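The values are calculated or read from the model by the stated rules, or taken from the named source; none is laboratory data. Only a predicted model underlies this, so the values are computations on that prediction, with no experimental measurement involved. Note: ideal-geometry Cβ built from the backbone for every residue, glycine included; neighbour counts use all protein chains shown.
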Amino acid sequence: MMMRALLLAATLGTAVSAAPVLDTPVKDSWWADGRAALDARLKVVNRPKRAKNIILMVGDGMGISTITAARIFDGQRPIDGRTPAAGEENNLAWDKMTNTALVKTYNTNAQVADSAGTASAFNTGVKTRIGVLNFGADQGPEACKTPEKLPRKLAEIARAQGMGLGIVTTTRITHATPAAVYGHAPSRNWEGADRGYPAADRASGCPDLASQLVAFKGGFDVALGGGGARFLPAGKGGNRDDGRNLVEEWLKAWPQGKFVADAKGLRALGNRDAGPVLGLFNADHISFEHDRKDDAEPGLREMARFALARLQDSAKTRGGKGYYLMIEGGRIDHAHHASNPYRALNEAQIFSATVADVLKSVNLDDTLVLVTADHSHVLTIAGYPQRGNDILGYIKPVRGGESDGALSKEGWALDDRGQPMTTLSYANGAFVSPGLSRLLPPTEPNYLANKTHGTDSESHGGEDVALFAEGPRADLVRGVMEQNVIFHIMAEALGWR
């Protein structure tokens with residue numbers, strides 16, 4: 001009746017002062033929750049157009065399906081004292097960030113990207129080939145002889161302007177995504193002077209990535225991750241065959257610097273200690289969160305909090321200049337490659353908690369926070385499971401829906417072989433033999449998912465990934481964009497032209 005009266009009044013030219021309302025108030029909680037969510041979106045925050053600081057957070061391999069599955073996983077297996085729930089209604093840290101876009105991830109020579117080419121796009125604004133770090137698409141190893149002709153990295157521009165710099169990763173710090181912050185390499189495998197960088201290739205004169213980190217002009221205020229073996233000589237805890245001890249070289253270059261190799265050493269450092277910090281907490285990648293020993297290796301959240309506090313505290317020594325910090329949750333990708341959904345989603349959950357920590361710790365009027373992935377994976381979510389079905393479990397389907405197939409005596413949906421199906425699966429990857437996925441329940445952390453096609457390991461996916469933003473110039477994050485535009489958004493927020 002109210003709506004009819006309003007329409008009639010409008011037709012007759014009668015002034016209408018009230019906005020239309022529903023005839024009968026809707027008491028359903030789903031409607032109320034939806035209205036509250038919309039009201040929150042209507043409260044637009046007009047932030048300044050210039051950022052002092054940039055924080056780029058990369059969930060390596062965290063495609064859209066991973067975000068959805070991790071959202072449910074986090075609701076069903078919450079951390080930080082939250083109450084378990086069905087999961088679908090849960091929100092991860094980035095779900096309430098105000099601006100979102102889809103990002104095209106392809107490399108210049110590949111439909112489905114790798115981390116080297118994608119991280120190069122973040123850090124230089126230039127797309128390049130698969131497996132290549134911060135080289136132009138037409139540049140080869142000979143370009144190492146003319147480094148001034150290589151694409152400039154955001155970190156080196158920032159350092160030249162007096163900004164602080166930080167890297168945090170759960171991978172080797174010489175791995176593709178963190179290495180793209182500071183290095184150039186025609187092959188992402190040239191991490192150290194070892195078998196990954198053959199002697200014949202070294203004739204190109206391109207420095208290995210570990211040595212590039214140590215020699216980075218102006219250095220980093222804080223660099224934390226794994227990969228210590230790339231910095232130490234063979235026989236002395238490392239695998240370098242050139243005899244160089246890059247940790248000693250770094251300490252010589254930065255006499256006030258602190259090197260730490262375990263969680264205890266990191267915790268002993270105060271933010272007021274002068275000088276940069278280099279932390280290498282594993283010879284290889286830092287352990288998965290599920291397997292990590294807290295007294296030996298710091299987790300992503302602890303490293304990120306330390307790095308952020310360090311950069312914030314040292315701002316006074318930079319004459320008011322800001323900082324660029326890259327934080328990578330790198331082992332989401334590795335768990336997917338192993339077709340291990342539990343560890344992949346657990347790593348994504350910890351990455352979300354790290355994003356939440358960061359958002360609480362910065363002033364979003366002067367700090368642009370970007371959250372994205374470098375590429376996706378071939379994880380699928382399918383099969384019509386009931387709401388609240390364990391995201392790691394077998395499918396207990398909703399009957400009377402799209403498909404009413406055969407069920408096991410326990411009520412699980414069966415495939416055409418009569419085997420129970422899981423909600424999560426991978427489109428490819430190494431076949432499990434002998435049927436490990438049948439020997440363990442899918443909710444077990446060591447379960448390996450079934451695949452449709454057999455390859456050495458599960459592969460990246462080629463679909464778009466999400467980009468979330470909050471802070472100055474977050475409004476530029478919208479629609480569908482090329483991945484290298486992320487660099488230009490950061491540069492625009494910093495006022496670079």
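Is it the case that the range 351-364 has a residue that's aromatic (Phe, Trp, Tyr), farther than 23 Å from ASN53 by Cα, out of contact with any Lys or Arg (no Cβ under 8 Å at 6 or more places or on another chain) and in contact (Cβ under 8 Å) with a residue 40 or more places away in the chain? No, the range 351-364 contains no residue that is aromatic (Phe, Trp, Tyr), farther than 23 Å from ASN53 by Cα, out of contact with any Lys or Arg (no Cβ under 8 Å at 6 or more places or on another chain) and in contact (Cβ under 8 Å) with a residue 40 or more places away in the chain.
Output yes when any residue across the range 115-122 is farther than 30 Å from ASP33 by Cα, part of a loop (DSSP other than H, G, I, E, B), of a type in the set (Phe, Trp, Tyr) and out of contact with any Pro (no Cβ under 6 Å at 6 or more places or on another chain), and no when none is. Full working, then the answer.
Step one: filter the range 115-122 for residues farther than 30 Å from ASP33 by Cα, giving 115-122.
Next, only the ones that are part of a loop (DSSP other than H, G, I, E, B) stay: none.
No, the range 115-122 has no match at all.
Restricting the first member to the range 453-465 and to residues that are aliphatic (A, V, I, L, M), and the second to residues that are part of a loop (DSSP other than H, G, I, E, B), the beta-carbon pairs closer than 7 Å and six or more apart or on different chains are VAL465/GLY63; VAL465/THR105; VAL465/ALA373; VAL465/HIS375.
In the range 413-431, which residues are on the phi > 0 side of the Ramachandran plot and in contact (Cβ under 8 Å) with a residue 24 or more places away in the chain?
Keep residues of the range 413-431 that are on the phi > 0 side of the Ramachandran plot, which gives 418, 429.
Hit for the range 413-431 is GLY429, nothing else.
Please verify whether GLY238 is of a type outside the set (Asp, Glu) and buried (at least 20 other Cβ atoms within 10 Å of the Cβ), treating the condition exactly as stated.
Working: of a type outside the set (Asp, Glu): yes; buried (at least 20 other Cβ atoms within 10 Å of the Cβ): yes.
Yes, satisfied.
Scanning the range 99-113 for residues that are surrounded by fewer than 20 Cβ atoms within 10 Å (Cβ to Cβ) and either in a loop (DSSP other than H, G, I, E, B) or free of Cβ contacts under 8 Å to residues at least 12 places away in the same chain (or both) returns TYR106, THR108, ASN109, GLN111, VAL112.
For the range 189-216, the candidate set comprises residues that are of a type in the set (A, V, I, L, M, F, W, C) and either in a loop (DSSP other than H, G, I, E, B) or outside the structural domain of ILE130 (by TED's automatic domain parsing) (or both); within that set, the residue that is surrounded by the fewest Cβ atoms within 10 Å (Cβ to Cβ) is ALA203. Among the residues of this structure, LEU439 does not count as one that is surrounded by 16 or more Cβ atoms within 10 Å (Cβ to Cβ) and either in contact (Cβ under 8 Å) with a residue 40 or more places away in the chain or not assigned by TED's automatic domain parsing to the domain that holds ASP114 (or both).
Can you tell which of ARG230, ARG195, ARG202, ARG240 is in contact with a helix residue (DSSP H, G or I) (Cβ under 6 Å, 6 or more places away or on another chain), more than 21 Å from ASP313 (Cβ to Cβ) and of a type in the set (Lys, Arg)? Let's see the steps before the verdict.
On the way: ARG195 fails: in contact with a helix residue (DSSP H, G or I) (Cβ under 6 Å, 6 or more places away or on another chain); ARG202 fails: in contact with a helix residue (DSSP H, G or I) (Cβ under 6 Å, 6 or more places away or on another chain); ARG240 fails: in contact with a helix residue (DSSP H, G or I) (Cβ under 6 Å, 6 or more places away or on another chain).
That would be ARG230, the only listed residue that is in contact with a helix residue (DSSP H, G or I) (Cβ under 6 Å, 6 or more places away or on another chain), more than 21 Å from ASP313 (Cβ to Cβ) and of a type in the set (Lys, Arg).
This table checks each residue for (1) in contact (Cβ under 8 Å) with a residue 12 or more places away in the chain; (2) surrounded by fewer than 19 Cβ atoms within 10 Å (Cβ to Cβ); (3) touching a Leu at 6+ places or on another chain (Cβ under 9 Å).
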| site | (1), (2), (3) |
| --- | --- |
| ASN134 | yes, no, yes |
| ALA137 | yes, yes, no |
| THR146 | no, yes, no |
| LEU150 | yes, yes, no |
| GLY162 | yes, yes, no |
| SER187 | yes, no, yes |
| GLY218 | yes, yes, yes |
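Taken over the range 156-176, residues that are within 23 Å of ARG331 (Cβ to Cβ) and part of a helix (DSSP H, G or I) amount to 1.
When you check ILE327 against the structure, is it β-branched (Val, Ile, Thr) and farther than 20 Å from ALA449 by Cβ, yes or no?
Values: β-branched (Val, Ile, Thr): yes; farther than 20 Å from ALA449 by Cβ: yes.
Yes; evaluated as a whole, the condition is true for this residue.
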